[in-house]
1. Go through the range 17-36 and give me each residue that's buried (at least 19 other Cβ atoms within 10 Å of the Cβ) and over 16 Å from the mean Cα position of the chain (by Cα).
2. Sort out which residues of the range 130-149 are aliphatic (A, V, I, L, M), open to solvent by 30 Å² or more (accessible area, probe 1.4 Å) and in contact with a strand residue (DSSP E or B) (Cβ under 8 Å, 6 or more places away or on another chain), and write them in order of number.
3. Taking into account only those residues within the range 150-168 that are in contact with a strand residue (DSSP E or B) (Cβ under 9 Å, 6 or more places away or on another chain) and part of a loop (DSSP other than H, G, I, E, B), which is surrounded by the most Cβ atoms within 10 Å (Cβ to Cβ)?
4. Are there any pairs with C-beta distances below 8 angstrom linking a residue in the range 42-56 that is closer than 16 Å to Arg77 by Cα to a residue that is hydrophobic (A, V, I, L, M, F, W, C) and open to solvent by 80 Å² or more (accessible area, probe 1.4 Å), with the two at least 6 apart or on different chains, and if so which?
5. Pick out the one residue from Gly94, Gly66, Gly21 that is without any contact (Cβ under 8 Å) to a residue 60 or more places away in the chain and within 23 Å of Leu129 (Cα to Cα).
6. Would you point out which residue out of Arg77, Arg49, Arg105 is at pLDDT 95 or above and either of a type in the set (Asp, Glu) or within 22 Å of Ser159 (Cβ to Cβ) (or both)?
7. Going through the range 1-36 one residue at a time, which ones are in a loop (DSSP other than H, G, I, E, B) and farther than 23 Å from Asp119 by Cα?
Amino acid sequence: MTGSTDRTRLGYFLGPHGVRGDVKVYVLGDPAQLLALGRVYVENRGWLRVLKAEPLSPGVALHLAGLTTREGAEDLRGLNVYAADAELPVPEVGVYYYHELRGLRVLDASGTELGEVTDAQDAGHQDLLVVRHAGGDSFVPLQAPYVVVNLNAAQRPESVTLTEDAPAGLLGDEDEDEDDTGHE
């Protein structure tokens, strides 16, 4: 998908809901973010207008413009659903969209830059940051008290700090003086 930096993946289609073209969406994060949208970007299909959205565990059921049959909804199974970042509802304080975390600097407790967040992923039980650093890429759990999201004046993410409580080796920075056996 070209120009995807201004879009955020909200989930993926599970399959038809009923016989009139409604389709079930598994939502990554809060389903309310999808209920408020007037359109969604469907992988390989482009932008489609949302005619109706209803909560449905584990996500939502969408009725999209141009989808009128169960077969049409079935064709969407497995495709990803995106929203334009500018059209997402403002999240509550302490909640961030993945796109707001991408590109943030990652700092240590003293303020030294360690790397950059290249992605954020839903790992089910917790969110993970993908951090590019001198040693490569690492997954870092977005979990207090190890990770603090620093906010700007508008209360939106500005940078990420790994606190002194963060486990050693999160960024592959284990004691480099040790040999293969763990001895110095």
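The values are calculated or read from the model by the stated rules, or taken from the named source; none is laboratory data. Quick caveat: nothing in here was measured; it's all calculated off a predicted structure. All Cβ positions, even for glycine, are placed from backbone atoms using ideal geometry, and neighbour counts span all protein chains on display. Accessible surface is based on the protein model in full, side chains and every heavy atom, while ligands, DNA and RNA are left aside. Shrake-Rupley method; radii C 1.70, N 1.55, O 1.52, S 1.80 Å.
1. His17, Gly21, Asp22, Val23, Lys24 - these are the residues of the range 17-36 that are buried (at least 19 other Cβ atoms within 10 Å of the Cβ) and over 16 Å from the mean Cα position of the chain (by Cα).
2. Ala134, Leu142, Val148
3. That would be Ala166.
4. Pairs that qualify, where the first residue is closer than 16 Å to Arg77 by Cα and the partner is hydrophobic (A, V, I, L, M, F, W, C) and open to solvent by 80 Å² or more (accessible area, probe 1.4 Å), are Glu43/Met1.
5. Answer to the check: Gly94.
6. It is Arg105.
7. His17, Gly18, Val19, Arg20, Gly21, Asp22, Ala36
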